[in-house]
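Some notes on the structure that comes next.
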Amino acid sequence: MVSNIGTWMQNVGAAWLMTELAPSALLVALVQTATNLPVFLLGVPAGAAGDLFNRRKLLLVTQGLMLAAAAVLGVTTLTGSTGPWTLLWLTFALGLGATMNGPTWQAIMPDLVPQAELPAAIALNSVGFNLARAVGPALGGGVVAAIGAGAAFILNAVSFVGVMIVLYLWRRDPVQHPQPISTERIGAAILAGMRYVRFAPPIHSVLLRSSSFIISASALWSLLPLVAKVELHRDSTGYGLLLGCLGVGSILGALMLHRLRQLFSTDIMATAAVALFGAVSMLLAYLASFGAVALALVVAGVAWMTVNSTLTTVTQTSVPAWVRARALAVYLLAFQGAMAVGSVIWGAVATRVGLRTALLCAGIALLIAAGATFRLRLGGLRELDTRPSGHWPEPILVVERHEEHGPVLVTVEYSIDPASAREFASAMQLMRRIRRRDGALRWGLFEDAATPGRFIETYVVESWAEHLRQHERVTISDRETEQRAFAFHQGSGRPKVTHWIAGIE
């Protein structure tokens with residue numbers, strides 16, 4: 001929380017410093033873009049690194065990078081040598097560190113609390129973040145007004161020291177949470193993560209809801225400095241107070257979440273919160289009083305917290321451990337990438353048609369997004385059991401091959417009632433998603449032309465090592481899907497599985 005307070009002080013200082021260096025709507029909006037654009041470049045590789053490498057050491061490196069960038073920005077600002085592009089480049093460097101840090105930071109939560117407490121831990125993490133959001137901007141505005149933006153940057157650099165000390169002293173329990181050891185190369189791990197997301201439809205609902213919300217909600221965040229300065233005629237302290245109102249609203253939202261979950265479904269909560277944020281954005285286009293704007297931003301904070309806590313919790317609890325950091329990285333890519341793109345779009349719109357019209361258009365876009373994504377279901381995703389099932393028997397490799405040798409062809413033979421062929425094919429489409437999601441490059445289902453009811457399922461994996469990883473990736477929910485497909489088999493015992501490995505060249 002202390003480090004997050006420093007980050008919010010940094011955000012206030014950077015946005016306000018740009019209004020003094022170059023009071024252009026586009027350049028001010030580019031500060032937000034510089035913060036979030038690194039997700040486009042390193043978001044998914046950062047997730048792959050979080051799944052492959054020692055997470056504690058990786059976090060120490062990323063925190064050190066952010067400390068260095070904040071310190072350099074602080075020194076250059078205090079010495080008067082910071083220009084608009086220097087500010088953007090060093091803000092971009094901070095964004096790179098945050099991008100590498102984000103997926104791994106979220107992925108360590110299951111190492112810190114029992115599985116049953118994970119949803120509550122995610123909510124608590126959000127409360128801590130939003131407490132910082134409530135305090136940090138006000139402190140940042142005060143520091144910028146009293147001492148200058150450079151002091152805010154230096155304080156942010158100091159705030160990373162505490163996090164690094166805690167990470168250095170933290171030791172994961174080697175029995176309950178052994179450090180995963182993977183022989184995957186980083187490129188292969190990135191492809192595996194993208195393949196998982198591609199063939200996991202439940203994640204699609206989260207990503208589409210998140211990106212459609214953020215791309216329009218970014219207007220409020222990126223244009224708020226100019227609303228404070230141009231429309232409300234306030235200094236950096238006033239801007240910090242407005243950001244603090246958003247933080248207060250987020251805390252209220254976190255406190256309300258448990259009760260809201262008892263009254264409404266996940267889908268209704270997410271949709272209603274998007275619509276509420278849109279209504280507030282439209283309202284801001286007409287409000288001229290500082291007090292009225294502050295009150296409206298408290299309501300916006302409640303909506304912001306509800307949307308993002310709901311989507312983050314669904315993402316955290318609906319993916320297995322082996323790909324958690326990569327799935328979270330893709331989620332953050334959709335989130336922060338949409339924030340970066342949206343900031344540029346709404347900055348350009350505001351430059352052309354004015355701040356109030358831009359906020360009105362963004363609010364209308366959010367109402368449209370709420371209606372368009374209502375049918376993208378989130379309910380039920382948290383009930384998926386993503387624990388490893390371990391029910392696949394160890395494959396036998398007698399021929400001499402290196403583990404990285406491949407490709408590997410796996411065949412599964414079924415004997416079913418020909419009258420049930422259509423239902424069987426439908427059930428096997430769910431198996432197709434599981435095979436492709438967990439590593440198969442190709443998948444097919446074929447029927448013996450001479451023997452009705454005799455089917456063979458085939459899928460190709462890159463290497464023997466990758467197929468072994470497939471065995472580790474099967475979840476308890478996958479086992480239930482597999483059992484429904486295998487129930488069509490009428491032969492004695494389980495369907496016959498055969499492994500074919502590429503010959504020696």
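Using the rule -39500 (n - 2.57) for each DSSP H run of four or more residues, divided by the residues of the chain, the 222 nm mean residue ellipticity is -23500 deg cm²/dmol. Inverting the pair-averaged 1/r between distinct Cα atoms of the stretch 222-318 gives 14.0 Å as its Kirkwood hydrodynamic radius.
Between 0 and 90 degrees, the angle of helix 186-198 with respect to the longest Cα principal axis of the chain falls at about 90 degrees. For the chain, give the percent of accessible area contributed by carbon and sulfur heavy atoms, probe 1.4 Å, rounded to a whole number. That fraction is 66 percent. Taking all protein chains together and rolling a 1.4 Å probe, V330 ends up with roughly 10 Å² accessible. Positive-end ranking of A502, I147, A440 along the dipole of the chain, with charges on Cβ about the Cα centre, is headed by I147. Candidates V323, T386, I345 compared by Cα position along the dipole of the stretch 295-407: farthest toward the positive end lies I345, with charges placed on Cβ.
T481 contributes an accessible area of around 20 Å² to the protein surface, as traced by a 1.4 Å probe with all chains present. Against the main long axis of the alpha-carbon atoms of the chain, helix 55-78 sits at an angle near 20°. One way to sum up the overall shape of the stretch 92-235 is the equivalent ellipsoid from its Cα gyration tensor, whose semi-axes run 34, 23, 16 Å, largest first. When the charge dipole of the chain is built from unit charges on Cβ atoms (+1 for Lys and Arg, -1 for Asp and Glu) and taken about the Cα centre, the candidate among S212, A487, V163 whose Cα reaches farthest toward its positive end is S212.
Put a plus charge on the Cβ of each Lys and Arg, a minus charge on the Cβ of each Asp and Glu, and nothing anywhere else: the dipole of the chain about its Cα centre is then about 740 debye. I'd like the orientation of helix 421-437 relative to the chain: the angle between its Cα long axis and the longest Cα principal axis, in ° from 0 to 90, rounded to 10. It is inclined by approximately 50 degrees. List the residues of the stretch 77-104 whose backbone N lies under 18 Å from a point placed 7 Å from the Cα of S24 along the Cα-to-Cβ direction. What the label zone holds, given the 18 Å backbone N cut-off, is 82-92.
The tail of the calculated P(r) for the stretch 90-156 beyond 15 Å holds 67 percent of all Cα-Cα pairs. The stretch between L397 and A348 holds 11.6 nm of extra length on full extension. This uses 0.36 nm per residue minus the Cα-Cα distance.
Among (1) 82, 44, 39; (2) 75, 58, 44; (3) 82, 55, 51, find the value of Cα extents along the principal axes in Å that was calculated from the structure presented, and write down its label. The value computed from this structure is option (1). Less than 5 angstrom separates the built amide H of I501 from those of L409, all sequence-distant by 5 or more or on a different chain. Residues within the reach of a label modelled at Q483 (point 7 angstrom out along Cα to beta-carbon, backbone nitrogen below 19 Å), restricted to the stretch 419-451, are 424, 427-432, 434-435.
Per residue, how much accessible surface does the chain expose to a 1.4 Å probe? Answer in Å², no decimals.
Numbers: 21880 Å² over 505 residues.
For the chain, the solvent-accessible area averages 43 Å² per residue.
Counting every pair of alpha carbons in the stretch 318-369, the share spaced more than 11 Å apart comes to 73 percent. Residues H499, H233 ordered from highest to lowest accessible area at a 1.4 Å probe: H233, H499. Using the Karplus relation 6.51 cos²θ - 1.76 cosθ + 1.60 with θ = phi - 60°, the per-residue 3J(HN,Hα) values for the stretch 470-479 come to 4, 4, 7, 8, 5, 9, 5, 5, 5, 4 Hz, with x marking Gly and Pro. Calculated on the alpha-carbon coordinates, the convex hull of the stretch 7-92 measures out at 88 cubic angstrom per residue.
About its Cα centre, how strong a charge dipole does the stretch 225-324 have in debye, to the nearest 20, once Lys and Arg get +1 and Asp and Glu get -1 at the Cβ? Kindly include the intermediate steps, with their values, before the conclusion.
Values: 5 positive and 3 negative charges, 40 e Å.
With only Lys, Arg, Asp and Glu charged at Cβ, the dipole is about 200 debye.
Close amide H partners of T475, meaning residues 5 or more places away or on another chain with modelled amide H under 5 Å apart, are S389.
Can you tell me the mean projection area, over all orientations, of the convex hull of the stretch 261-415's alpha carbons? Units nm², please. Kindly include the intermediate steps, with their values, before the conclusion.
Values: hull surface 62.5 nm².
Computed as one quarter of the Cα hull surface, the answer is 15.6 nm².
Ranked by solvent-accessible area (1.4 Å probe, protein heavy atoms only, all chains present), the residues E231, E400, E184 order from largest to smallest as E400, E231, E184.
About its Cα centre, what dipole magnitude does the stretch 281-433 give when the only charges are +1 on Lys and Arg Cβ and -1 on Asp and Glu Cβ, stated in debye to the nearest 20? Write down the numbers at each step before the final one.
Numbers: 12 positive and 9 negative charges, 174 e Å.
Using Cβ point charges on Lys, Arg, Asp and Glu, the stretch 281-433 gives about 840 debye.
Scalar couplings 3J(HN,Hα) for the stretch 144-150, obtained by applying the Karplus form with A = 6.51, B = -1.76, C = 1.60 to θ = phi - 60°, are 4, 5, 7, 10, x, 5, x Hz; x denotes Gly and Pro. Gyration tensor analysis over the Cα atoms of the stretch 350-437 returns equivalent ellipsoid semi-axes of 49, 23, 14 Å (largest first, whole Å).
The values are calculated or read from the model by the stated rules, or taken from the named source; none is laboratory data. On a predicted model such as this, the values are computed, not experimentally measured, just so you know. Neighbour counts are summed over all protein chains in view; Cβ atoms, including those assigned to glycine, are modelled from backbone coordinates with ideal geometry. These accessible areas exclude ligands, DNA and RNA; they are computed on the full protein's heavy atoms, side chains included. Shrake-Rupley method; radii C 1.70, N 1.55, O 1.52, S 1.80 Å.
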